[in-house]
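These notes are about the structure you will find just below.
Only the coordinates and a few stated rules stand behind these numbers; no lab work does. As the structure is a computational prediction, the values presented were derived from the model and not from experiment. Neighbour counts are summed over all protein chains in view; Cβ atoms, including those assigned to glycine, are modelled from backbone coordinates with ideal geometry.
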Amino acid sequence: MFSHAPVMLNESIDSLVLNKSGAYLDCTFGLGGHSKEILKRLNSEGTLESIDQDQRVIKYAEKIKDPRFHFEYSKFSKIGELFSNRKFDGILFDLGVSSLQLDDASRGFSFQKNGKLDMRMDQNDKISAFEWINKAHEKEIADIFYSLGEERKSRLFAKRIVEKRRNKLIESTGELAEVTYVGKKYRKSKKHPATNIFRAIRIFINNEFDEIKKALHASIDLLQDKGRLVVISFHSMEDRIVKNFLKGRLENQENTNAIKIIGKIIKPSLDEINLNSRSRSAILRVGEKISG
């Protein structure tokens with residue numbers, strides 16, 4: 001069993017649920033924290049659809065015995081197809097990796113827990129981190145580390161990976177993290193030296209940025225007039241996509257004036273950060289579909 005403290009729970013649901021009789025969509029169910037709070041805010045006429053691409057959350061969704069609630073196993077880039085005949089009063093995205101994934105060493109998301117490299121959010125996807133890191137060309141690895149992880153030592157770490165796998169396949173998170181150490185040690189700092197490359201690999205393996213862009217584009221057609229879009233992001237590149245979308249500046253974005261920004265960005269309180277250190281980098285942005 002896993003526990004999870006939903007990030008900015010009240011702030012996100014306060015911004016999302018304005019109509020207690022409305023229809024809502026939670027695109028990142030996880031362990032269900034936000035979904036459960038949405039249901040608490042709805043009356044008997046309200047409804048909630050929730051989705052997630054991680055099969056392991058299905059058992060948690062099945063525990064919610066509420067006729068107003070329905071769960072679908074799906075990537076959130078598919079919401080346009082899944083709900084083509086629906087209109088929602090609010091759509092919520094809680095981006096990034098969940099505690100369910102981070103805390104399970106067998107999923108291979110974290111360098112803090114040694115386990116087999118995987119990093120697939122949807123374990124039905126074909127390519128895992130293990131397969132990619134042991135087959136990709138050095139230049140491709142360096143490019144991914146630089147572009148998706150903003151890692152300044154991308155070429156050095158890519159070179160070390162290629163050298164390391166010549167002798168033995170890189171199978172575990174611990175073995176991968178070692179390429180960022182000086183020898184087998186590193187200077188203690190607030191940021192682990194493997195942070196950027198793990199994030200870059202995870203984003204690449206799960207095609208996260210394209211997934212986010214497709215889902216945001218689809219959300220416009222799925223929202224009612226004055227419907228709310230609430231997005232929680234966890235790092236600058238992710239947040240940049242959301243910000244550009246809300247400003248009508250995302251590439252290939254049609255209907256650039258279809259949504260307006262509501263309020264300023266919201267960040268977690270110091271109390272929340274002290275209780276849940278993973279919330280530290282979170283940014284919440286709110287948009288509203290413009291009538292007509």
By the scheme Lys and Arg +1, Asp and Glu -1, what is the net charge of all other residues having a beta-carbon under 14 Å from that of S44? +2
Over all distinct alpha-carbon pairs, what is the Kirkwood Rh of the chain in angstrom? 20.0
Using the Cα centre of the chain as origin and beta-carbon charges of +1 (Lys, Arg) and -1 (Asp, Glu), tell me which of L176, A61, A136 is placed farthest towards the positive end of the dipole. L176
Principal-axis tilt of helix 236-246 within the chain, Cα atoms, nearest 10 degrees: 30
Can you give me the C-alpha center-to-center distance between segment 205-262 and segment 13-91, rounded to a whole angstrom? 18
For a test of understanding, tell me how many lysine pairs in segment 126-205 have Cα atoms under 16 Å apart, given they are 8 or more places apart or on different chains. 10
Under 5 Å, built H, 5+ apart or other chain: amide partners of F88: L223, Q224
Amide H neighbours of G227 under 5 Å, at least 5 residues apart or on other chains, H built in the peptide plane: list them. K289
Can you compute the charge dipole magnitude of the chain about its Cα centre, using +1 on each Lys and Arg Cβ and -1 on each Asp and Glu Cβ, nothing else charged? Give it in debye, rounded to the nearest 20. 1180
Can you give the calculated 222 nm mean residue ellipticity of the chain, where each DSSP H run of n ≥ 4 adds -39,500 (n - 2.57) and the sum is split over every residue, rounded to the nearest 500 deg cm²/dmol? -10000 deg cm²/dmol
When the Karplus curve 6.51 cos²θ - 1.76 cosθ + 1.60 is applied with θ = phi - 60°, which whole-Hz ³J(HN,Hα) does each residue of segment 58-66 get, with x for Gly and Pro? 4, 5, 6, 5, 5, 6, 7, 9, 9
What are the ³J(HN,Hα) couplings of segment 196-209, residue after residue, when phi is run through the Karplus curve with 6.51, -1.76, 1.60 and θ = phi - 60°? Round to Hz, x for glycine and proline. 5, 6, 5, 5, 4, 5, 4, 4, 5, 4, 9, 6, 4, 5
Give the Rg (one decimal place) followed by the Dmax (whole number) of segment 126-205, computed from C-alpha coordinates and expressed in Å. 11.6, 36
When only Cα pairs under 8 Å and 6 or more residues apart are kept, what is the percent relative contact order across segment 196-292? 35
Rounded to whole Hz, the Karplus (6.51, -1.76, 1.60) HN-Hα couplings of segment 217-226, x for glycine and proline: 4, 5, 5, 4, 6, 8, 8, 5, 4, 6
Calculated SAXS-style log₁₀ I(q)/I(0) at q = 0.21 Å⁻¹ - segment 106-151, Debye, Cα scatterers: -0.82
Within 10 Å, count the other beta carbons around each residue, average over each peptide in 68-81, 44-57, 241-254, and list them highest first. 44-57, 68-81, 241-254
5 angstrom amide H check on E72, placed H, neighbours 5+ away: S50, I51, D52
